[in-house]
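For reference, the structure is listed below as structure tokens.
Since every read-out is calculated from the coordinates, none of them should be taken as a lab result. Since we're looking at a predicted model, the values are computed, not measured. Cβ atoms come from the backbone with ideal geometry, glycine included; neighbour counts cover every protein chain shown.
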Amino acid sequence: MAYKLAEAGYGAVVLEQKRTLGEPVCCTGIIGQDYVSSFAIDDSVILRQANSARLFSPSGRCLRLWREETQAYIIDRAAFNVAMGSQAQEAGAEYVLNSLVGNIEVGDDKVSVEATHQEERLNFEARVVVIATGFGSGLAQKLGLGRVSDFVIGAQAEVETIGVDEIEVYLGQEIAPGFFAWLVPTSPQTARVGLLSRQSPGLYLKKLMASLLAQGKIVSAEAELSYGGIPLKPPARTHSERLVVVGTAAGQVKPTTGGGIYYGLLCADIAANNLHRALESDDLSAKGLASYEREWKRKLGWELKISYWARKFYERLSDRQIEQLFNTIKSNGIDKALLEAKDISFDWHGEAILRLMAHRTVAKAIQVIKFPFRSGVD
Ligand SMILES: Cc1cc2nc3c(=O)[nH]c(=O)nc-3n(C[C@H](O)[C@H](O)[C@H](O)COP(=O)(O)OP(=O)(O)OC[C@H]3O[C@@H](n4cnc5c(N)ncnc54)[C@H](O)[C@@H]3O)c2cc1C
């Protein structure tokens, strides 16, 4: 976003609370092929490519998903942040690190931003402000854009592994209640292990690590845990006069998996184009910036809604039902049919959800009576 605006000739200033552009990060760093096809990515930040994953049911049954072509890339998320920041700086954006934004005030002809840098107060004035603060800064809510009403917390650790060379996903209420856990290899001997949970993610992760140690998959169950929030629903509004909100702060995240890098970048692109138009015509009113929200919702709105519905549905399943669903999918070859469908990808889940739920045997297995969504624009 900063890159695009700077490249278009605007004076873009990025205020970042961290001391460096890279660490700390709490992200598994998986992006799909769609990201790599849509945006340039520095090869040096890609750690691995993946074309398969092993899904484990609550009882430990395994479903292997496999496609011939690369489906996902595991990136060094800290290096990715540095690469994006450097690209923006080369285009002319100015980065002010170690600067925590505490207050934003929107006036008639400018926005005033107050930040703290090494106990010193910094004041900035701009024609427009982009809030891209990730999860939990509260800045958008303070400005009346609403709050993220549903979210989950992720916990993650870096571990040494033995013989883990495929992405593994674990399901089950005892493992990650309502969500899932993962072991994602970053090299032949290392992986990111993590999970999402509404309650006690750290405790569940420690339990999972002890189990992976007992299974001989990881070398030690001792590791530093990091935590991060993931919105499952966008706030009420993602724009107002002289303001736009993008990325996780705007709920531009897949509610099924919590993945937000691709959706965030897609929406940042939409925001940059709309801001360019609004700045050129000097119409930074809420009405003038509404096209950003319309456009990103046109692109993602249906996908987010159906994925949220699927998420809530999954959260209500018992281990027995998950197991039943798992067996139905496996024994009816539904996994193969979905994998063969060319229009289903790592980043777009709505169509896969619809097809799965519409499958007679699946519907029967989980006793779906009524499915409340139709394809189309929200
Ligand atoms: C455990 C976990 C695993 C994940 N795995 C994946 C994955 O594999 N693939 C995927 O696509 N997504 C994943 N995500 C989600 C992904 O990390 C986010 O969607 C993505 O980082 C959002 O980018 P962002 O720029 O909106 O926010 P962030 O990356 O959170 O960046 C926001 C920045 O704003 C700064 N900031 C915040 N408040 C202020 C303030 N007041 N003043 C100044 N600076 C501020 C922060 O320091 C931060 O650098 C994961 C998330 C978690 C928690």
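Search the structure for amide H atoms under 5 Å from the amide H of residue 103, placed 1.01 Å from N in the peptide plane, and list their residues when 5 or more places away or on another chain.
The list, which skips near neighbours in sequence, is 114.
Rg to Rh ratio, the stretch 22-121, alpha-carbon atoms and Kirkwood radius?
Rg divided by Rh gives 1.16.
Based solely on its DSSP helices, what 222 nm [θ] is calculated for the chain when runs of n ≥ 4 H residues each add -39,500 (n - 2.57) and the sum is averaged over all residues, nearest 500 deg cm²/dmol?
Dividing the helical sum by the residues of the chain leaves -10500 deg cm²/dmol.
What FRET efficiency do you get for residue 114 and residue 166 if R0 is 35 Å and r is their Cβ-Cβ distance, rounded to the nearest 0.05?
About 0.15, to the nearest 0.05.
Using only the Cα atoms of the stretch 86-195, what do you get for the radius of gyration and for Dmax, in Å?
Computed over the Cα atoms of the stretch 86-195, radius of gyration and Dmax are 20.5, 61 Å.
Just need the Rg to Rh number for the stretch 159-304, please, alpha carbons only, Kirkwood Rh.
Taking Rg over the Kirkwood Rh, I get 1.13.
Connecting C-alpha atoms closer than 10 Å in a GNM of the chain, tell me which of 102, 301, 29 has the biggest fluctuation.
Highest fluctuation among the options: 102.
Return the long-range amide H neighbours of residue 166 (sequence gap of 5 or more, or a different chain), with a cut-off of under 5 Å between placed amide H atoms.
Those qualifying (amide H under 5 Å, at least 5 residues apart or on another chain) number zero.
Can you work out the FRET efficiency for the pair residue 87 and residue 214, with r the C-beta to C-beta distance and R0 = 51 Å, to the nearest 0.05?
0.70
HN-Hα J couplings of the stretch 214-229 from phi, Karplus 6.51/-1.76/1.60, θ = phi - 60°, integer Hz, Gly and Pro as x?
Couplings: 4, 7, x, 8, 10, 7, 8, 9, 9, 7, 6, 9, 10, 10, x, x Hz.
Give me the lysines in straight-line cross-link reach of residue 330: C-alpha distance below 19 Å, same-chain residues under 8 apart excluded.
Within the straight-line cut-off, residue 330 pairs with 364.
What ranking do 69-79, 197-207 get when scored by the average of other Cβ atoms within 10 Å per residue, highest first?
69-79, 197-207
Please list the three semi-axes, largest first and in whole Å, of the ellipsoid equivalent to the stretch 301-366, using sqrt of 5 times the eigenvalues of its alpha carbon gyration tensor.
19, 16, 9
Which of 207/299; 287/342; 4/336; 206/312 have a Cα-Cα distance over 29 Å?
As for pairs spanning more than 29 Å Cα to Cα, those are 207/299; 287/342; 4/336.
Residues with beta-carbon under 9 Å from that of residue 33, excluding residue 33: net charge, scoring Lys, Arg +1 and Asp, Glu -1?
-3
If only Cα atoms are counted, what is the Rg of the stretch 178-225, and what is its Dmax, in Å?
Reported Rg and Dmax, both Å: 10.6, 32.
Give me the extension gain from residue 277 to residue 358: residue separation times 0.36 nm, minus the current Cα-Cα distance, reported in nm with one decimal.
Full extension of this stretch gives 25.0 nm more.
Looking at the chain, send over the antiparallel percent of its DSSP beta bridges, to the nearest 5.
Given both bridge residues lie in the chain, the antiparallel proportion sits at roughly 85 percent.
Evaluate E = 1/(1 + (r/R0)^6) for residue 295 and residue 189, where r is the Cβ-Cβ distance and R0 equals 56 Å; express this FRET efficiency to the nearest 0.05.
0.80
Let me understand the stretch 151-231 better: what is its radius of gyration from the alpha carbons, and its Dmax, in angstrom?
11.6, 34
Given just the C-alpha atoms of the chain, how large is their convex hull per residue in cubic angstrom?
140
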